[in-house]
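Before any comments, here is the structure.
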Amino acid sequence: MFGRKENDVKPVTKTPNNSNLTYLAEESEIKGSFIAAGNARIDGKLEGSVHVTGSLVIGPTAVLKADIEAQNISIAGEVRGNVKVNELLELSPSARLYGDIHTKELKIEQGALFVGKSTYDESNESVNNK
């Protein structure tokens, strides 16, 4: 019909599901609250606050001036603000973190810069004094 052969039609490819990944691209900028259910990646600029229910990746081009809260956080960019992590906080060699952190587990790779206080979260530890 309309001069088109049936075999000319190509199937549409579905975009893969990245476990509810919320993404802020390198060219993007947000002033305000960034709230994501699931996992998120930030490569742009953000000023305000960040709350992610899953894991958060802060890419090497990211610049954040924000207080951040997430289950796990991996930082390769620059963060100015306090960070609260329920499980693991990782600072890669290119990471720059200026602020206090509260986490259960901390991994700092050689070359990363951290200026602030670190507090260990003991709330998930089981105490057996019996």
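The values are calculated or read from the model by the stated rules, or taken from the named source; none is laboratory data. These figures come from a predicted structure and were not determined experimentally. Every residue, glycine as well, gets a Cβ built from its backbone with ideal geometry; the counts of neighbours run over all protein chains shown.
Since Gly38 meets every condition but one in (1) modelled with pLDDT of 90 or more; (2) over 18 Å from Ile75 (Cα atoms), which condition does it not meet?
It is condition (2) that Gly38 fails.
When only residues in segment 1-35 that are aromatic (Phe, Trp, Tyr) and outside any loop (DSSP other than H, G, I, E, B) count, which is modelled with the highest pLDDT?
Filtering first and then ranking leaves Phe34.
If you check Val79, Val85, Val57, which single one turns out to be of a type in the set (Val, Ile, Thr) and in contact with a Gly (Cβ under 9 Å, 6 or more places away or on another chain)?
Checking each option against the conditions leaves just Val79.
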